[in-house]
């Protein structure tokens with residue numbers, strides 16, 4: 001049976017699953033899995049269309065590898081970084097494009113048929129309707145039918161090469177349109193050129209024009225190879241589009257499209273290295289195997305069928321969005337200097353890059369998400385990213401907080417990469433060149449570093465207000481000098497810098513830099529300077545130290561970044577005890593936060609159901625928002641205040657009400673960004689969390705309330721032991737949300753916390769669940 005037929009018939013989703021199900025009806029009942037074969041197809045549990053009615057350009061992936069340079073998928077909307085890409089409710093395909101990345105897009109193609117009626121209009125009128133009922137999407141594969149042309153389209157890829165398989169209707173002229181000069185996602189594609197260089201080969205390039213966030217252009221080069229002869233290449237002067245007319249064929253048309261940000265030669269080499277053969281089904285199989293290898297690092301048992309599908313969809317999202325930008329030979333685009341250059345990554349003894357270089361949105365909020373998940377389950381990915389961030393430092397002098405096309409974007413605020421690098425060191429993932437890393441991080445925390453820059457502040461160092469933070473102990477609101485970038489919200493900036501200073505202090509301590517440790521620890525207390533004890537909230541104040549008048553803690557922004565004062569008051573992950581003291585003690589802090597949760601629950605725990613709604617008055621006044629990063633840690637604050645029962649209770653409620661849906665119109669109810677909310681959900685559902693981002697010595701994990709009966713985390717033996725860490729819950733159910741007893745390897749655990757050293761050697765954590773709170777906390 002051919003692959004596309006097997007997938008259409010739904011066979012592929014169960015081909016690898018050799019399990020017996022007890023009570024396995026998809027009716028919300030909990031299920032128990034008895035494994036008969038270890039080759040579980042985790043990709044079959046991924047619901048790829050989750051939340052696709054609220055997509056951003058880089059949100060959706062289908063025919064893509066983990067972190068692939070090529071992230072090939074259909075586009076139904078093509079204009080704008082938000083509300084574009086694959087939008088489930090839009091029934092028209094506008095092309096299959098190869099790049100869906102942070103501030104980058106490009107190389108859109110469309111198979112078409114040519115007749116007397118459309119041969120002159122096809123360059124601008126080529127869109128086609130399609131039907132979701134005939135569509136099949138799994139990680140690494142996308143199948144759909146173009147109704148207008150009756151063309152069967154299948155997509156898959158390697159890391160750097162898109163692989164297309166088309167079946168054209170017989171007795172019609174088959175062609176492929178290259179839409180190289182267009183608005184595509186976050187940027188315009190211009191200067192697109194394509195030429196025929198052989199009977200079956202094409203090469204070309206286009207320029208991804210600058211954006212507000214990525215101020216320098218990036219050129220993408222590509223090479224296309226077909227399995228059939230090219231009859232002719234025609235270009236339309238008006239649109240700049242190219243039509244590739246194919247020689248007559250009754251067989252499936254295959255096309256490889258390799259891309260590169262350095263040269264056509266490297267695009268061609270990427271094909272040579274990754275896709276020398278023509279077996280489409282085999283590449284789909286290899287992609288599935290790669291995805292299964294990563295998704296299978298966490299094996300869960302129990303919960304409902306929907307729980308399991310949503311979990312692996314969340315885990316899939318945690319491995320999305322951020323993209324490789326280096327070629328197979330290690331060449332990469334460096335846009336950090338005054339002039340563009342082609343850089344070269346160091347190679348190992350086999351001539352392969354020692355690490356990959358990445359395009360990435362910021363790590364703003366990653367301290368509660370990717371830091372923990374990648375650091376525990378995917379240390380090799382964290383290792384790669386640390387080396388990539390340091391490569392930017394070596395090239396451009398700063399560790400970035402969100403690079404695009406080899407270029408700094410200054411997305412968001414602060415030094416959000418600091419906790420990420422520090423936790424990688426504290427977990428033993430990064431062991432070499434620690435002094436160099438420390439110097440690079442310290443530079444970002446001082447004048448002239450990235451902390452001084454507001455969001456997208458490309459040419460000045462004023463919007464971040466760092467000099468005021470250093471001299472006066474807080475960032476004023478407004479910044480006296482004026483507006484230089486985005487998010488110049490002084491109260492939030494003060495709190496963010498204080499936390500990041502604390503994390504840097506932990507590395508200074510590890511490296512015996514006592515004077516620096518003392519200095520940054522003192523700075524980490526600056527959050528206290530924006531807490532108004534009279535009203536009990538964090539509150540902006542101006543450069544003269546005068547509190548913002550007519551302050552409303554539920555008014556969105558106005559001193560707080562993508563949040564309101566009620567949400568952001570709790571952003572003190574490094575000193576919850578100190579924050580509680582400011583509030584009058586732990587009991588008052590617990591009461592305050594619990595009341596916020598009671599109100600937030602009535603509003604669904606999020607500010608609307610998409611990022612675009614967060615500023616609307618009817619949604620923005622929510623006291624806790626799990627739809628954006630500033631307050632996603634709040635349910636675990638109760639653990640720090642000796643009320644783990646409230647952590648367990650509210651976390652389960654948040655999961656149930658906010659992160660349990662499995663449909664195109666629901667999913668993350670806010671700003672998913674690049675795996676941040678997906679990874680948050682994974683952590684909430686397995687019951688492990690790190691309040692300070694895992695940045696202290698021997699990092700601490702707080703225990704929550706897992707929704708599954710058993711969770712097996714397969715540790716990477718290159719970094720940890722060649723064992724598994726198992727979390728087993730006894731008497732678990734939707735009502736038994738409380739953890740009454742904790743044992744680790746048959747030893748009692750107090751205070752609902754364990755440490756990095758407890759996990760990385762493998763073992764079993766057993767949680768006894770109940771429907772009543774443990775009174776002996």
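The values are calculated or read from the model by the stated rules, or taken from the named source; none is laboratory data. Just so you know, these numbers come straight off a predicted model, no measurement behind them. Backbone-built Cβ (ideal geometry, glycine too); neighbour counts: all protein chains shown.
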Worksheet item: Do any residues in region 501-519 that are in a loop (DSSP other than H, G, I, E, B) have Cβ atoms under 6 Å from those of residues that are surrounded by 18 or more Cβ atoms within 10 Å (Cβ to Cβ) and modelled with pLDDT of 95 or more, where the two are at least six apart or on different chains, and which pairs are they?
Response: 511/438
Practice prompt. Go through region 584-617 and count every residue that is more than 12 Å from residue 650 (Cβ to Cβ) and crowded, with 16+ Cβ neighbours inside 10 Å.
Written response: 13
Worksheet item: Listed residues 160, 87; which is closer than 26 Å to residue 230 by Cα and either more than 26 Å from the chain's Cα centre (by Cα) or assigned by TED's automatic domain parsing to the domain that holds residue 240 (or both)?
Response: 160
Worksheet item: residue 162 is checked against (1) out of contact with any helix residue (DSSP H, G or I) (no Cβ under 9 Å at 6 or more places or on another chain); (2) modelled with pLDDT of 95 or more; (3) surrounded by fewer than 23 Cβ atoms within 10 Å (Cβ to Cβ) and fails just one. What number does that condition carry?
Response: (3)
Discussion item. For the structure I just gave you, tell me whether residue 287 is more than 14 Å from residue 63 (Cβ to Cβ), touching a strand residue (DSSP E or B) at 6+ places or on another chain (Cβ under 7 Å) and part of a helix (DSSP H, G or I).
Written reply: no
Fill in: Verdict on residue 752 being touching a helix residue (DSSP H, G or I) at 6+ places or on another chain (Cβ under 9 Å) and either modelled with pLDDT under 95 or at positive phi (or both)
yes
Item to complete: Filter region 329-346 for residues that are without any contact (Cβ under 8 Å) to a residue 60 or more places away in the chain and surrounded by fewer than 19 Cβ atoms within 10 Å (Cβ to Cβ) and give the result.
Response: 337, 338, 339, 341, 344, 346
Worksheet entry | Residues (part of a strand (DSSP E or B) and closer than 18 Å to residue 72 by Cα) located in region 168-187 | 176, 177, 178, 179, 182, 183, 184, 185, 187
Worksheet entry | Residues of region 122-137 classified as touching a strand residue (DSSP E or B) at 6+ places or on another chain (Cβ under 6 Å), outside any loop (DSSP other than H, G, I, E, B) and surrounded by 14 or more Cβ atoms within 10 Å (Cβ to Cβ), total | 2
Worksheet item: Out of all the residues in region 299-310, which are in contact with a strand residue (DSSP E or B) (Cβ under 9 Å, 6 or more places away or on another chain) and surrounded by 23 or more Cβ atoms within 10 Å (Cβ to Cβ)?
Response: 300
Practice prompt. Among residues belonging to region 618-633 that are within 20 Å of residue 552 (Cα to Cα) and in contact with a helix residue (DSSP H, G or I) (Cβ under 6 Å, 6 or more places away or on another chain), point out the one that is surrounded by the most Cβ atoms within 10 Å (Cβ to Cβ).
Written response: 625
Item to complete: Return yes when residue 433 is touching a residue at least 40 places away in the same chain (Cβ under 8 Å) and either assigned by TED's automatic domain parsing to the domain that holds residue 545 or touching a helix residue (DSSP H, G or I) at 6+ places or on another chain (Cβ under 7 Å) (or both) and no when it is not.
Response: no
Item to complete: Determine the pairs where a residue that is closer than 17 Å to residue 459 by Cβ and assigned by TED's automatic domain parsing to the domain that holds residue 213, located within region 393-419, has a partner that is at pLDDT 95 or above and not in a helix (DSSP H, G or I) with Cβ atoms under 7 Å apart, the partner being 6 or more residues away or on another chain.
Response: none
Worksheet entry | Subset of region 206-228 (residues that are buried (at least 19 other Cβ atoms within 10 Å of the Cβ) and more than 28 Å from the chain's Cα centre (by Cα)) | 223, 224, 225, 226
Discussion item. I need the full set of residues from region 525-539 which are closer than 12 Å to residue 579 by Cβ and assigned to a helix (DSSP H, G or I), in order please.
Written reply: 525, 527, 528, 530
Practice prompt. From 421, 447, grab the single residue that is surrounded by 21 or more Cβ atoms within 10 Å (Cβ to Cβ), in contact with a helix residue (DSSP H, G or I) (Cβ under 9 Å, 6 or more places away or on another chain) and either at pLDDT 95 or above or part of a loop (DSSP other than H, G, I, E, B) (or both).
Written response: 421
Worksheet entry | Residue match in region 716-738 (condition: buried (at least 19 other Cβ atoms within 10 Å of the Cβ), touching a strand residue (DSSP E or B) at 6+ places or on another chain (Cβ under 6 Å) and within 23 Å of residue 320 (Cα to Cα)) | no
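Residues being buried (at least 16 other Cβ atoms within 10 Å of the Cβ) and either under 22 Å from residue 653 (Cβ atoms) or out of contact with any helix residue (DSSP H, G or I) (no Cβ under 6 Å at 6 or more places or on another chain) (or both): count how many of those fall in region 573-583.
Number of matching residues: 5.
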